[in-house]
Structure formats: structure tokens, C-alpha cells
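The values are calculated or read from the model by the stated rules, or taken from the named source; none is laboratory data. Model, not experiment: these values are computed from the prediction. Positions of Cβ are backbone-derived with ideal geometry, glycine not excepted, and every protein chain shown enters the neighbour counts.
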Amino acid sequence: MERADVPDRHQARPALAAGCTVVLKASEFTTLAELVYGEIAQEIGLPDGVLSILPGEGAIGAAMLDAPQVRKASFTGSNATGARIMGAAANRLLPVSLELGGKSPIVVLSDADIETAAELVCGGIFFNAGQICSATSRLIVDEAIADDLIAALRARIRKMAVGDPRGEIDMGPLTTMAQRDKVLGYLLAARSEGLDCLCGGTGALGPGFFIEPTVYLDVPETSALWREEIFGPVLSVRRVKGDEAAIALANATDYGLAATVVGGDPARANAVADRIDAGHVWVNTMQIIFPETSWGGFKASGIGRELGFGGLQGYAALKHITTPA
């Protein structure tokens, strides 16, 4: 269910830069975006055969792993599929890199600017309807400013327009009916748990795969909404007292892909960011990914890196030749 346009570029670019040929198995849910990527590659003069794009379902990807010409597998998607790919690759001792799930935190410190924090919180979870692997779906906010931030979030979300992405909207639909139904399942679970819903939570919006922006307050750490990757526009909020508690809660997860820290004092915010177990941490900024910086996660969020020097290393083999003096 990942956005196919961004992750596949992350994988293909370092591979091509390292001199590899690439066979890209397009997501069956976003095939047109992948094919446009191929058209762009042709327009810029990439030689025929250097980049091949194969549409189709998961069986095609499985067959690719058995092809003797394949020297490495790189995958972006769910942990379950990543585990299957890793198992299949093990039969050939095939190197793999995996960019998998996340349950990323956004930590708002007591000295944060409220409006800046509200903007970054909304952008981190509602961009692409929450269908990004780095979506900051866990809001950890210092209790000193929690009420003010929650009020700012409510006001901002009430103004959000949800609808056809070809129009002037703030958030579009989920990718598939199956993903919409999965998100609806979490909303039902929230109601059964009696979670405090700040906004949304009522279900689908009209025809199509639309879900309204949803925020739950004071979500227990034991709740599936706090622990599991939903991959939709659902934000869970917890209040903490002090930076140490915020860091501990941010790290109390099986994942470690990304995080955001928002604070007024840059030195303090950077110190908190340094202690969060995540492969990429943004401080007081939106989720910008530069091609010269590596991308990848800790723990269950994956293996290996994309982009940057780390990404190039993943598509190269170290060789040493010794000759007589």
C-alpha cells in the first residue's frame, strides 16, 4: 500500500548511479505512476534496457527473486511482505534491503510554537491521507502546552477540505477499498475501547475511499491504535511531563523509521532528536528528504539504506586486488 512513486525512485536512483540495471516491479495499486516514471526515464535519455518496469501482482515479484540474473532485491512495503521476500532471498543468499513499516512519533516540547507545531502535526499525518511510511501518527506533547496544541489542531482540522484530489482540497482518498476498510476497522476498535475522539472517527465520507481526518486523545500505550501502523489519516495523542518522558515514549515501539521534534530552543530540540531511535529525524521542519542523505529505519522498520552514500554502498561490491610490489 505504500506510495509507489516516491519509494521506488529512492531505490532506483542509487542503483542506477552505481551502474546497475534495474527491474522495477510496479505496485498493482499505483501502476500508472510507475509507468510515467518510465516515460520520464526515456525522455532524459536513459538507454533502453537499463530500467525496466513490470506491472502486475505480487506473483511477478516472487518470480523475479528466482531469476538468476537478479543480484539484489530492494523492497518498500509492509513488514509481512518484507519478511516473505527476505525468506525467499535467503534460499539464494541474495542481498536485500527493506524499507518497511513505521509508527513514527512527533514530539512537541514545552517551548514549541503552537501554530508551527499544529502545522507540522497535520502535515505529518494527513499528507497523502496518512499513506506514507514516515507518517508521524503518534503525537507526544508536553502537558504544559497540550491543551493549547489540541485546540489549535481542532481549529486547523475543521478547515480541512477532503475530496477529489483534482480539486482544491487538503486531503484525498485512500488508495483502495481494502485499505479504507482496514482504517475503518481501527475506528471501530477505537469506539469499542472508548477512546476520546477529538475529531473524525465516524467512518467513511460519501462514495469512494475517503476517511475524514481523525484524532484520538490520551490513547493508552496498549491500544492497537498506538502500537500498529494504520496507514491512514488517524492520529493518536499522549501527554507527557518533560523531555525524558517524551523520549522514552517515542522509543517505546517496535519501529524506528522516522520522527519529528518541535521545540523553541534548537539546541534542546536537537538533543532530543539525537536520542530518538529512528533513521531520520526532522527538527522544526516538514518531512523533506534530500537525495544526498540516506533513508532507512531501525528495528522492524527495515534493513539497509536508500539514497546518499549509504544507498550507493548497497548497490556496490567491495573488491581488492593485490599485486607484487
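Within region 225-241, how many residues turn out to be part of a loop (DSSP other than H, G, I, E, B) and under 20 Å from the mean Cα position of the chain (by Cα)?
Of the residues in that region, 6 qualify.
Go through region 52-66 and count every residue that is of a type in the set (G, A, S) and in a strand (DSSP E or B).
1
Have a look at R154, R84, R158 and point out the one that is without any contact (Cβ under 8 Å) to a residue 40 or more places away in the chain, among the basic types (K, R) and surrounded by fewer than 20 Cβ atoms within 10 Å (Cβ to Cβ).
R84
Quick check on Q287: is it at pLDDT below 95 and more than 19 Å from A146 (Cβ to Cβ)?
Against the criterion (at pLDDT below 95 and more than 19 Å from A146 (Cβ to Cβ)), Q287 does not qualify.
Could you grab me the full set of residues in region 14-37 that are hydroxyl-bearing (S, T, Y), more than 24 Å from T293 (Cβ to Cβ) and touching an Asp or Glu at 6+ places or on another chain (Cβ under 8 Å)?
Correct list: S27, T30.
Each row is one residue, and each column tells you yes or no for (1) modelled with pLDDT of 95 or more; (2) closer than 18 Å to N79 by Cβ; (3) small (G, A, S).
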| position | (1), (2), (3) |
| --- | --- |
| G279 | yes, yes, yes |
| V283 | yes, no, no |
| E292 | no, no, no |
| F298 | yes, yes, no |
| G308 | no, no, yes |
| Y315 | no, no, no |
| K319 | no, no, no |
| A325 | no, no, yes |
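Residue-by-condition table, conditions (1) at pLDDT below 90; (2) surrounded by fewer than 14 Cβ atoms within 10 Å (Cβ to Cβ); (3) under 23 Å from the mean Cα position of the chain (by Cα); (4) closer than 20 Å to E306 by Cα:
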site	(1), (2), (3), (4)
P47	no, yes, no, no
S52	no, yes, no, yes
G61	yes, no, yes, yes
L65	no, no, no, yes
P68	no, yes, no, no
F75	no, no, yes, yes
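Please specify each residue of region 161-181 satisfying the condition of being loosely packed, with under 13 Cβ neighbours inside 10 Å and among the basic types (K, R).
Scanning region 161-181 gives a single hit, R166.
In the set T222, T260, T285, which member is in contact (Cβ under 8 Å) with a residue 60 or more places away in the chain and in a loop (DSSP other than H, G, I, E, B)?
Within the list T222, T260, T285, the selection yields T285.
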